[in-house]
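Enquirer: One structure, pasted below without further comment.
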Amino acid sequence: MYLYDQYDQAMVDARVAEFRDQCQRRIDGKLTEDQFKPLRLMNGLYLQLHAYMLRVAVPYGTLKSTQMHALADIADKYDRGYGHFTTRQNIQYNWIKLEDAGDILADLAKVEMHAIQTSGNCIRNISSDHFAGAAADEVADPRPYAELLRQWSSFHPEFSYLPRKFKICVIASDRDRAAMKLHDIGIQIVRNDAGELGAAFYVGGGMGRTPMIAPLIRDFVPLDQLITYAEACLRVYNRYGRRDNKYKARIKILVHELGAAEYTRQVEEEFAHLLDQGVEPPFAELKRIRTFFEDPAFAQSSAAEIDRSDPDFALWVDRNTHPHKVEGYTSAVISLKPVGGIPGDASAEQMHLMADLAKDYSFDELRVMHTQNIVLPHVAKSDLHALWTALEDAGLGSPNLDTVEDIIACPGLDYCSLANARSIPVAQKISERFAATGKTAALGELKLKISGCINACGHHHAGHIGILGVDRKGVENYQLLLGGSEAEDTALAKITGPGFSEDGIVDAVEKAADVYLSAREDGERFLDTYRRIGMAPFKEALYG
Amino acid sequence: MSENTMMLITGNDLLTGAVIWWTGSDWSVHIEDAIDAGDAAESIAAEQEAARKVNVPYLVESTMQDGVPRPNHIKDRVRALGPTVRPDLTIKPDTAANAIREIV
């Protein structure tokens, strides 16, 4: 894991002192809300439906146990005993007091964490594959490149006031587990025919009110030009991105309106100009960063066979573990989606437990998934049963990864001031419905995602089944979408037709699932069947 | 506006961020204490914000129902109570179940 050097720590400590002073000036009346708002947003402090909300950055979703313990302590000391893991691999606290904000940031800084650039029109927290450094199918660990981008983008003076927020994702395998093509810039670390590592750049993706899949604009950027190419992409956007209309200000609109070919031409021109401007950090810095992400001391002879005699344990192993690059190890997913629970919420007690388990069983490492679950990336297979037993005892052993019960849901109208409808109660009812009917196992992989407004924090565009909550004359209404994917076969879901009430949408999801169950062919997932038979049979079942 | 329509003033407490309602002389976290500010609502909101008694105030159209103001929009009804998915964290945990049913 990356460790702060004196520059990182000094920057974060200085920001804590600065924001503490800004909060006090607001409390003393020396700043108006209009003056204070952009300052608090630069530090992740929102004013939400019920209180202030603080969004804390988890760079590329990676945490060590001391950091998870600190997050739990903040939940206990300053909030109401829980936190919410988000679809950007971050954590949010919903009940923060303004007078505590400086102390919270100071507590975070002690464990090399902060809330900088978790809001505002800047480059946000860099996201990555939650199995990075562990997955058997990656060409390299993508996190050193994510960390280099984090350092480059932190307080970058040219990119602190972009036309709109900017999200970058870095992966390093052909399997996309991070919705890479639905980011402003998606970077895939690849290996060329000569065996050299480089970066493929996808630019102009995103969800929100105008969802778009990022086109590939360069299939191989040498790693010693990575930052320069990213800078060229940002420069063209910063120069020509629309600042006159918030809804057309994201880079995806620029790329779409210029066309990918013309945008690429401009980026290449800028890139050529920048190459001799000294933008790229010394390659030695990347090498230095890489040393922080070297493999832990894996055991050479860890038992490879798992005792599957306990059927509940075997089911959890089948659903909630992922192949590891080292024989005898696996990555274990802790589901934060108990049936009827709130997706992504974890109590302070659960956070402490996950931190302890990471220390005991996963070389002190945890990952936050964009699907609002937690990963222990390096677990010896011989430790899996003990891990599972501890999770079961704490109510964290739900064996439902990638099933219809593993729902992504934004906070929705229960917490968010932008939302038009509640998301969480719908997620709760759907998981309860499918658990009660026993169809979850039969449905297999079915990714269901719910957003409470068009901003799409719940990734509804990318759900095999997506749900969008809207406001219909003051009443919650829910649109159903089918056929989306955030994986390497990225696709945008299509709306089925007229929306449904809160209870109606639960019935509608079950009807769509039943169409799949009756129409599927051998080995087909829900998404495969939808792609083969199209929308018509689903519409007939829903509206016929 | 109909005769039953009330104009409430709401906002957030500057220090705690808590949702608060204008009572005619002060601010309360309970919507039951809210009064119809009528035509003076905008000027009261501006005055109270300037005095830092409330943060980001705005007006909420509501209707009196069973002696309690009921905001016309669901968003303000959720604000008045708290998250419907965490009855224990609402403004009135003991009676939250009934209140949540009334929201939608």
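Just so it is clear, none of the values below were taken in a lab; they were calculated from the coordinates. Fair warning: this is a prediction, and the values are worked out from it, not measured in the lab. Here Cβ is always computed from backbone atoms with ideal geometry, including for glycine, and neighbour counts include all displayed protein chains.
Enquirer: Return the inverse of the average 1/r over all pairs of distinct C-alpha atoms in the protein assembly as shown, which is the Kirkwood hydrodynamic radius, in Å to one decimal.
Expert: Radius from the Kirkwood sum: 25.8 Å.
Enquirer: Also, quick follow-up: Roughly how many debye, to the nearest 20, is the charge dipole of chain A about its Cα centre, given +1 on each Lys and Arg Cβ, -1 on each Asp and Glu Cβ, and no other charges? Walk me through the numbers before you get to the answer.
Expert: Values: 60 positive and 77 negative charges, 428 e Å.
About 2060 debye.
Enquirer: Rounded to whole Hz and in sequence order, give me ³J(HN,Hα) for the stretch A:357-370 from the Karplus expression 6.51 cos²θ - 1.76 cosθ + 1.60, θ = phi - 60°, writing x for Gly and Pro.
Expert: The phi angles translate into 5, 5, 5, 6, 10, 9, 6, 6, 10, 9, 10, 9, 8, 5 Hz.
Enquirer: When the label point is put 7 Å from the Cα of A:F298 along its Cα-to-beta-carbon vector, which residues of the stretch A:345-385 have a backbone N closer than 19 Å?
Expert: Taking a point 7 Å out along Cα→Cβ of A:F298, the residues of the stretch A:345-385 whose backbone N falls under 19 Å are A:358-367, A:375-385.
Enquirer: Do any cysteines of the protein assembly as shown lack a neighbour Cys whose Cβ is under 4.7 Å away, and which are they?
Expert: A:C23, A:C122, A:C169, A:C233, A:C416, A:C453
Enquirer: Is there a simple number for the mean count of other chain Cβ atoms within 10 Å of the Cβ of residues in B:82-92, and what is it? Walk me through the numbers on the way to the answer.
Expert: Working: counts 5, 13, 6, 14, 8, 0, 2, 7, 1, 1, 0.
Mean shielding count: 5.
Enquirer: If you don't mind, another one. Can you work out the PRE-style zone for B:V56? Point 7 Å along Cα to Cβ, and I want the residues of the stretch A:153-178 with backbone N under 15 Å.
Expert: No residue qualifies, since no backbone N sits under 15 Å from the label point.
Enquirer: In the stretch B:16-104, what chymotrypsin sites (Phe, Trp or Tyr not before Pro) fall in a loop by DSSP, with at most 11 other Cβ atoms inside 10 Å? All intermediate terms of the calculation are to be shown ahead of the outcome.
Expert: Working: sites: B:W21, B:W22, B:W27, B:Y58; in loops: none.
Here no loop site has a sparse enough neighbourhood.
Enquirer: Can I ask one more? Could you run the Karplus curve 6.51 cos²θ - 1.76 cosθ + 1.60 with θ = phi - 60° over the stretch A:67-72 and give me ³J(HN,Hα) per residue in whole Hz, x for Gly and Pro?
Expert: Running phi through 6.51 cos²θ - 1.76 cosθ + 1.60 with θ = phi - 60° gives 5, 5, 4, 5, 5, 5 Hz.
Enquirer: Can you give the FRET efficiency to the nearest 0.05 for B:S43 and A:D34, using r as the Cβ-Cβ distance and R₀ = 22 Å?
Expert: Values: r = 19 Å, r/R0 = 0.85.
FRET efficiency, B:S43 to A:D34: 0.75.
Enquirer: Go ahead and estimate [θ] at 222 nm for the protein assembly as shown from helices alone: -39,500 (n - 2.57) per DSSP H run with n ≥ 4, summed, over the residue count, rounded to 500. Please list the in-between numbers first.
Expert: Details: 20 runs with 225 residues, N = 648.
-10500 deg cm²/dmol, from helical runs alone.
Enquirer: A further question on this structure: What residue among A:A140, B:P71, A:Y415 has its Cα farthest toward the positive end of the dipole of the protein assembly as shown, where the charges are +1 on Lys, Arg and -1 on Asp, Glu, each on the Cβ?
Expert: Projecting each Cα onto the dipole axis, the largest value belongs to B:P71.
Enquirer: Right, another one. Quick one: what are the phi-derived ³J(HN,Hα) couplings along the stretch A:265-275, Karplus 6.51/-1.76/1.60 with θ = phi - 60°, whole Hz, x for glycine and proline?
Expert: Once θ is set to phi - 60°, the couplings for the stretch A:265-275 become 4, 5, 5, 4, 5, 5, 4, 4, 5, 6, 4 Hz.
Enquirer: I'd like the Kirkwood hydrodynamic radius of the stretch A:311-393, using the inverse of the mean 1/r over distinct C-alpha pairs, in Å. Mind showing how you got there, number by number?
Expert: Values: mean 1/r = 0.0776 Å⁻¹.
Kirkwood radius, the stretch A:311-393: 12.9 Å.
Enquirer: Mind pulling the per residue volume of the convex hull built on the Cα atoms of the stretch A:434-544? Å³ is fine. Kindly include the intermediate steps, with their values, before the conclusion.
Expert: Values: hull volume 11.4 nm³, N = 111.
Expressed per residue, the convex hull around the Cα atoms of the stretch A:434-544 is 102 Å³.
Enquirer: Given all pairs of different Cα atoms, what value in angstroms does the Kirkwood hydrodynamic radius of the stretch A:125-180 take? Let's see the in-between values first.
Expert: On the way: mean 1/r = 0.0822 Å⁻¹.
Roughly 12.2 Å, rounded to one decimal.
Enquirer: Sticking with this one: How are the Cα pair distances of the stretch A:134-291 distributed, in percent, across 5 Å bins from 0?
Expert: With 5 Å bins starting at 0, P(r) equals 2, 9, 19, 23, 22, 15, 7, 3, 1, 0.
Enquirer: Would you mind computing the Rg to Rh ratio of the stretch A:195-250 from its alpha-carbon coordinates, Kirkwood style for Rh?
Expert: On the way: Rg = 13.5 Å, Rh = 12.8 Å.
Rg divided by Rh gives 1.05.
Enquirer: Let me make sure I get this right: for chain B, a, b and c are the square roots of the gyration tensor eigenvalues over alpha carbons, sorted descending. Under 1.5 in a/c it's rounded, otherwise prolate if a/b > b/c, else oblate. Which is it? Don't skip to the end; give the middle numbers.
Expert: Working: a/c = 2.24, a/b = 1.27, b/c = 1.76.
Cα axes put chain B in the oblate bin.
Enquirer: Also: What do you get for Rg/Rh over the stretch A:384-459 if you use C-alpha atoms and the Kirkwood form of Rh? List each step's numbers first, then the result.
Expert: Working: Rg = 14.4 Å, Rh = 13.6 Å.
Using only Cα positions, Rg/Rh for the stretch A:384-459 is 1.06.
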